[in-house]
Structures are given as C-alpha cells and as structure tokens.
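Novice: One structure follows; several queries about it will come next.
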Amino acid sequence: MSSHDAPVTEQIDDPESGWTWFLSLASMVVFIVTVAVVIVLFYAFEDNEIKNKVINVPAQEMTELRTQQKSMLDQYQRYSVIPMGGTEADAESRIRIPVEQAMEVMVAESRNDQAGVVEDVGTKERIAHSDSLEVDRR
C-alpha cells in the first residue's frame with residue numbers, strides 16, 4: 001500500500017487557545033468601536049438635519065415675512081377692511097402710506113388743522129383734508 005491510501009491514525013491538534021481568544025477579543029473590540037462611531041455619527045447628522053429642516057425653517061419664514069412687511073411700510077397701497085359681521089359691500093377703503101410720510105402728514109395736519117389742506121412734505125403733493133381719507137397708523 002502506498003502512503004496515500006493509509007488511514008490517518010494521528011490526531012490533528014486544535015488551534016492554540018491563546019490566539020483564538022486574542023482574535024475573538026480583538027474582533028469584539030473593533031466591532032464595538034465601529035458601532036460606537038456609527039452611533040455618534042448618526043446622532044451628529046441627525047441633530048444637524050433637525051436644525052436645518054425644523055429649527056431654522058420657521059426662522060427663515062419669519063425673516064421673509066418681516067422683510068415683506070417692512071417693504072409694505074415703504075410703499076403706497078390701497079386696501080379694504082370689512083367690518084366685523086359685515087359683507088364685502090360694507091368694506092371700507094383705506095390707504096396705506098409710508099410711515100415717515102404718515103408722521104409728516106400728521107404733524108402738518110395738526111399745524112394746519114384750520115386751513116383744511118395738508119401738504120405732503122415727501123412728494124410735494126397737496127392732499128385735501130376730508131373724513132373719507134384715513135391714514136393707517138400701524
């Protein structure tokens with residue numbers, strides 16, 4: 001018989017237990033560190049996304065609204081106000097003028113109350129004083 005056909009009679013040794021324990025512990029440490037890093041990164045990105053999508057969005061909307069409102073204060077506008085319990089037929093027409101010019105009109109109006117005519121200092125136009133002209137002082 002040849003040596004290839006002979007049954008194996010000697011026992012194969014198990015790997016050394018020291019190396020097995022070392023590789024197992026090293027693998028567990030690497031795994032735990034990797035999981036910890038992934039968790040930290042996840043929560044860091046989550047906080048960043050919450051700030052960008054939840055916290056800063058109302059601030060941006062509020063900034064846009066305030067910018068729009070400030071631009072309205074610097075323009076002439078005509079608008080209607082419907083009294084409480086009224087209909088659109090009962091709407092009162094009002095004029096919104098820039099705040100600085102409204103203050104100038106009020107000062108000039110208080111000085112020239114008896115004359116019946118108010119001069120608008122900003123545009124040098126003459127505005128007839130009547131009860132139908134209302135100044136929005138907001």
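Novice: Compare the peptides 60-67, 101-108 by average per-residue count of other Cβ atoms within 10 angstrom and give them in order, highest first.
Specialist: In descending order of packing, they fall as 101-108, 60-67.
Novice: Right, another one. Check residue 96: other-chain or 5+ apart residues with amide H under 5 Å from its amide H, H built from backbone geometry?
Specialist: Amide H neighbours of residue 96: 77, 78, 79.
Novice: Most exposed first by the Cβ proxy, i.e. fewest other Cβ within 10 Å, how do 40, 99 rank?
Specialist: By the 10 Å Cβ count, ascending, the order reads 40, 99.
None of the figures in this text is laboratory data; all of them are computed from the coordinates on show. Computed from a predicted structure; not experimentally measured. Note that each Cβ is placed from the backbone with ideal geometry, even for glycine, and that neighbours are counted across all protein chains shown.
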